[in-house]
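Written below as structure tokens is the structure these notes are about.
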Amino acid sequence: MSPILEIRGLSKRFGGVTALSGVDLAIEEGEILGVVGPNGSGKTTLFNVVTGVHMPSGGSVSFRGRDITGLKPHAISRAGIGYTFQQAMAFAGLRVLENVQIAGEHVRVNAGASHHPWPTPLALLDFVGLAALADERAGVLPFGSLRLLGLALALASRPALLLLDEPAAGLNDRETAALVGLVRQLPGHGITVCVIDHDMKLMQMLCRRLAVLDFGSKIADGPTGAVLADPKVLDVYLGGDL
Amino acid sequence: MIASRQPNGSAISALRSLLPVLVVLALIALVPLLSPSNRFLSLAISAGINVIALYGLSVLFGQTGILSMGHAALVGVGAYTAAILARDLCTGFWLALPAAALASALFAMIVGIPSLRVGGHHFVIMTFAFGQLLAIVLTNGGDYTGAATGLDLVGPVTLFGADMSDLTRYYLMVVAFVAAAAVASWAIINSPYGRTLRAIRENERLAASLGINVGRHKIGAFVVSGIFAGISGVLLAHFLGHISPTQFASFPSIYLALMVMIGGARLIAGPLAGGILVAFLPEVLNLDPVQSRIVYGVCLIAVILLLPEGLIAGVGQVFRRLLASGQPKQEREELDTASTTPSEVRR
């Protein structure tokens with residue numbers, strides 16, 4: 001089976017700084033893949049290049065066999081890649097339900113998704129546990145709820161692949177557990193997931209497979225247990241001293 | 001359950017926002033019964049013509065969150081289109097309307113495509129520069145644009161055979177156009193399109209991540225505001241009978257931005273309130289032009305600091321507080337506290 005997302009030789013340079021150098025990564029349909037690495041290893045840059053925020057300096061990205069390298073963010077979203085941001089984001093001045101309604105309004109052109117029945121905005125809010133807050137202004141939500149709303153927004157855009165950038169950052173243990181419970185259900189609904197984080201505990205809970213980035217290069221890729229036992233990974237990730 | 005209740009509830013509350021505006025406009029339409037002076041009518045017509053452009057600006061600034069500091073240029077394109085068509089093709093008022101709307105929309109697109117590639121403050125500067133540029137082009141346009149002298153516009157405005165050039169009739173016609181502009185702006189604000197524009201205003205990156213083509217929608221909003229401006233320009237040209245480049249340069253543009261900010265760009269009553277207030281404030285206070293500019297400046301600073309959502313939203317806030325507290329005697333105190341709340345809520 002061919003992977004849903006295939007990244008080949010992806011590079012990104014900002015002036016003289018190389019953020020990514022020749023990264024190859026394949027995401028298989030239906031898995032939850034974790035991308036880990038220390039701060040500045042290129043994780044978020046990888047997301048930003050895949051989602052069209054940055055143009056790659058080299059390499060290619062193909063999604064379901066279609067080349068999407070260098071497409072604009074909205075086009076990538078319409079192609080079926082949803083993503084959430086490291087900073088929890090919502091349309092603060094609009095009501096929670098309106099937020100999710102907007103999120104679902106601009107993806108009908110996505111031919112792949114339009115044939116499936118998709119949950120209504122309210123059902124999505126129910127899924128993430130925010131239905132009771134549907135009429136509140138998004139700006140007044142506490143941080144944990146804002147993260148969940150971000151997830152609902154990304155889901156409303158009918159993704160086949162969902163990229164989560166540090167989804168648990170700033171959440172307490174209870175909120176993190178709730179989020180893990182939600183994300184684990186996604187492959188069952190036909191949504192492939194790729195998570196970036198440096199929280200190893202979270203990654204062990206979520207992912208069977210991990211890819212490790214360091215200084216913009218992939219240094220390991222495989223089953224979570226094997227990757228975490230890899231001395232190379234231990235060295236860069238936990239620091240040579242440990 | 002909530003889902004079935006929601007659209008109904010918001011449709012009614014949306015209508016509730018439009019109704020006061022239409023009632024006020026109906027009352028304004030009755031003013032000629034009081035046999036007002038010609039000076040009052042002229043002033044009111046100018047204000048009304050501005051308000052039409054302001055309704056377009058409210059879609060751009062209030063909904064989409066982008067501010068044009070060259071909006072008078074779009075009005076100018078409409079006015080010159082009307083004048084040139086009348087001179088070269090003997091086109092009357094009614095045919096000039098769609099032509100000018102189209103011309104202003106096109107000009108907005110031409111300005112918008114390069115300007116909106118750069119965001120935020122740069123767009124403000126770009127529109128300002130384009131506004132100045134248009135004035136320079138018109139001034140150097142030779143006989144075609146009438147150079148610095150401008151163009152005369154002759155020919156009566158008729159509606160169903162009736163001559164509308166008479167001041168009172170023109171006044172009534174402008175009021176009708178203002179009502180149409182208010183309804184059009186209201187319809188845009190309450191449509192899914194308006195909601196998309198608000199999403200862009202709130203968070204561009206998030207909007208793009210959800211499949212919204214941010215660039216195209218921003219240019220679209222600018223083009224929509226251009227249509228309003230073009231129509232406003234035709235009414236202006238036929239009202240004044242003579243147009244010249246300075247009318248559409250930087251000062252009028254700044255005034256338009258000021259009016260929409262003072263009135264409040266996000267509420268449907270805002271443009272009407274801003275347009276009327278800025279037009280009649282110097283009359284009521286008996287100010288000369290220099291003094292009135294100072295007053296406008298102070299007003300703008302006060303509104304930005306105290307009532308960031310504009311005068312109408314601020315007044316509404318005060319009213320709600322008065323009703324809630326039931327202590328109308330402490331009006332001054334209430335005013336002070338109420339005026340600080342919008343900024344607190346927003347932050």
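Selection among B:119, A:74, B:303 by position relative to the dipole of the protein assembly as shown gives A:74 as farthest towards the positive end (Cβ unit charges, Cα centre).
Between residue B:159 and B:164, the built amide H atoms are under 5 Å apart, and every one of these is 5 or more places off in sequence or on another chain. Estimated purely from DSSP H runs of n ≥ 4, each contributing -39500 (n - 2.57), the mean residue ellipticity at 222 nm for chain A is -9500 deg cm²/dmol once divided by its residues. Working from label points 7 Å from Cα in the Cα-to-Cβ sense, the residue B:12 to residue B:94 distance is 4.0 nm. Note the angle between two axes, namely the Cα long axis of helix B:192-202 and the longest principal axis of the Cα atoms of chain B, as a number of degrees from 0 to 90, rounded to the nearest 10. It works out to around 70 degrees.
Order A:171-177, B:216-222 from most to least packed using the mean count of other Cβ atoms within 10 Å. Mind showing how you got there, number by number?
Details: A:171-177: 14.1, B:216-222: 21.6.
Ranked by mean Cβ neighbours within 10 Å, highest first: B:216-222, A:171-177.
Based on the mean of other beta carbon atoms within 10 Å per residue, what is the order of B:131-138, B:42-49, most packed first?
Numbers: B:131-138: 19.0, B:42-49: 21.1.
Sorting B:131-138, B:42-49 by mean packing, highest first, produces B:42-49, B:131-138.
For residue B:298 and residue A:226, the FRET efficiency from 1/(1 + (r/R0)^6), where r spans their Cβ atoms and R0 equals 56 Å, is about 0.20. The local environment of residue B:126, defined by Cβ-Cβ distances under 13 Å, has a net charge of +2 under the rule Lys, Arg +1 and Asp, Glu -1. Putting +1 on Lys and Arg Cβ atoms and -1 on Asp and Glu Cβ atoms, find which of A:51, A:211, A:194 reaches farthest to the positive end of the dipole of chain A. With unit charges placed on the Cβ atoms, the residue in question is A:51. Between the C-alpha center of segment B:21-56 and that of segment A:54-98 there is a gap of 48 Å.
Take each residue of peptide B:195-207, count the partner chain Cβ atoms within 10 Å of its Cβ, and average: the result is 6. If R0 is taken as 22 Å, the Cβ-Cβ distance between residue A:75 and residue A:126 corresponds to a FRET efficiency of 0.15. The smallest convex shape that holds all Cα atoms of chain B, its convex hull, gives 164 Å³ per residue.
Please give the calculated 222 nm ellipticity per residue for chain B, where each DSSP H segment of at least 4 residues contributes -39500 (n - 2.57) and the sum is spread over every residue; nearest 500 deg cm²/dmol? It would help to have the intermediate numbers written out before the result.
On the way: 15 runs with 261 residues, N = 347.
After summing the helix terms and dividing by the residues of chain B, the value is -25500 deg cm²/dmol.
Close amide H contacts of residue A:195 (hydrogens built in the peptide plane, cut-off under 5 Å, sequence separation of 5 or more or a different chain): A:33, A:34, A:35, A:164. With a simple spin-label model that places each label point 7 Å from the Cα along the Cα-to-Cβ direction, the separation between residue B:246 and residue A:172 comes to 6.7 nm.
Taking the Cα atoms only, what angle lies between the long axis of helix B:214-240 and the longest principal axis of chain B, rounded to 10 degrees? The answer is roughly 50 degrees.
Taken about its Cα centre, segment A:5-238 carries a charge dipole of roughly 440 debye when the Cβ of each Lys and Arg holds +1 and the Cβ of each Asp and Glu holds -1. Using Cα-only point scatterers and the Debye equation, what is log10 of I(q)/I(0) for segment B:174-280 at each q in 0.23 Å⁻¹, rounded to two decimals? Rounded to two decimals, the profile gives -1.40.
Calculate, for residue A:209 and residue A:143, the FRET efficiency according to 1/(1 + (r/R0)^6) with r their C-beta to C-beta distance and R0 35 Å; round to the nearest 0.05. Could the numbers behind the result be given before it?
Working: r = 29 Å, r/R0 = 0.84.
Between residue A:209 and residue A:143 the formula returns 0.75.
DSSP beta bridges confined to the protein assembly as shown are antiparallel in about 60 percent of cases. Inter-chain Cβ neighbour count for A:99-107, averaged per residue, equals 6 (cutoff 10 Å, partner chain atoms only).
Counts of other chain beta carbons within 10 angstrom of each beta carbon in peptide A:88-94 average 5. Note on segment A:132-183 and segment B:57-102: Cα centroid distance 45 Å, given to the nearest whole angstrom. Take the Cα of residue B:183, step 7 Å toward its Cβ, do the same at residue A:201, and the gap between the two points is 6.2 nm. Charge dipole (Cα centre; +1 on Lys/Arg Cβ, -1 on Asp/Glu Cβ; no other charges) of segment B:17-290 amounts to roughly 860 debye. Taking the longest Cα principal axis of chain B as reference, the axis of helix B:289-306 is set at about 30 degrees.
With only Lys, Arg, Asp and Glu charged, each at its Cβ (+1 for the first two, -1 for the last two), find how big the charge dipole of the protein assembly as shown is about the Cα centre; round to the nearest 20 debye.
Roughly 440 debye for the protein assembly as shown.
Considering every pair of different Cα atoms, what Kirkwood radius, in Å, is found for segment A:5-238? The partial results should precede the final answer.
Values: mean 1/r = 0.0555 Å⁻¹.
18.0 Å is the Kirkwood radius here.
Taking 0.36 nm per residue of separation and subtracting the current Cα-Cα distance, fully stretching the chain between residue B:42 and residue B:159 would add 40.2 nm.
Could you tell me what percent of the DSSP beta bridges with both partners in segment A:5-238 are antiparallel, to the nearest 5? Don't skip to the answer; put the middle values down first.
Details: 21 of 38 bridges.
Here the share of antiparallel DSSP bridges comes out near 55 percent.
Scoring A:18-24, B:186-192, A:164-170 by mean Cβ neighbours within 10 Å over their residues and listing the highest first yields A:164-170, A:18-24, B:186-192.
State the extension gain, in nm to one decimal, for the chain segment bounded by residue B:33 and residue B:324, taking 0.36 nm per residue of separation less the distance between their alpha-carbons. Provide the component values of the computation, followed by the final result.
Details: separation 291, 0.36 × 291 = 104.76 nm, distance 3.79 nm.
Contour length minus the Cα-Cα distance gives 101.0 nm.
Each reported figure results from applying straightforward, stated rules to the coordinates on display, with no laboratory input. Computed from a predicted structure; not experimentally measured. Here the Cβ is made from the backbone with ideal geometry for all residues, glycine too, and neighbour counts use every protein chain on show.
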